[in-house]
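Have a look at the structure below before the remarks.
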């Protein structure tokens, strides 16, 4: 399969794996290896940085390219804050943007998403 580029990131696999539904980090690593995925999306809101007694997500996924996402953001302001945190945590300038104020139907807010995207692009993010 041909390599593809997302901004300045060149990838071999077109499969992006989410990190949210695995039983534990071991199962997640096994799934990554079996699928050949190079990228894992990470909800910045749910990353535990100082979880006593266990390895955190960032340590468990060392060597895997992380794609921070703004899951859980209900406003453009929240999404921008989460994207900035994601960039600090991962060193990546790309972000999977989500602004979803509706917890029942999970419908995105197009205007808030646009506002967040415009602000993030101004700050040099690669917005997906």
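Quick note: the coordinates plus some simple rules give every number you see, no bench work behind them. In this text the structure is predicted, and so the values were computed from the model without any measurement. Here the Cβ positions follow ideal geometry from the backbone for every residue, glycine too, while neighbour counts run over all protein chains shown.
Here are a few things to note about the model shown:
- Placing pseudo-labels 7 Å out from each Cα toward the beta carbon at residue 45 and residue 12 gives an inter-label distance of 3.5 nm.
- All C-alpha to C-alpha distances of the stretch 1-42, sorted into 5 Å bins beginning at zero, yield P(r) values of 5, 23, 29, 21, 11, 9, 1 percent in whole numbers.
- By DSSP, the beta bridges lying fully in the chain are antiparallel in about 20 percent of cases.
- Note on the chain: semi-axes of the ellipsoid equivalent to its C-alpha gyration tensor, largest first and rounded to whole Å, are 24, 19, 14.
- Difference of contour (0.36 nm per residue) and Cα-Cα distance, residue 107 to residue 126: 4.6 nm
- Degrees, to the nearest 10: 110-122 long Cα axis against longest axis of the chain: 70
- By the helix-only formula, in which each DSSP H run with n ≥ 4 contributes -39500 (n - 2.57) and the sum is divided by residues, the chain has a 222 nm mean residue ellipticity of -10000 deg cm²/dmol.
- Between the stretch 68-122 and the stretch 1-41, the Cα center-to-center distance that results, in Å: 21
- Averaged over residues, the count of other Cβ atoms within 10 Å places the peptides 25-37, 99-111 in the sequence 25-37, 99-111, highest first.
- FRET E, pair residue 2, residue 81, Förster distance 35 Å, beta-carbon r, rounded to 0.05: 0.45
- Helix 25-35 vs. the chain, principal-axis angle (Cα, 0 to 90°, nearest 10): 90
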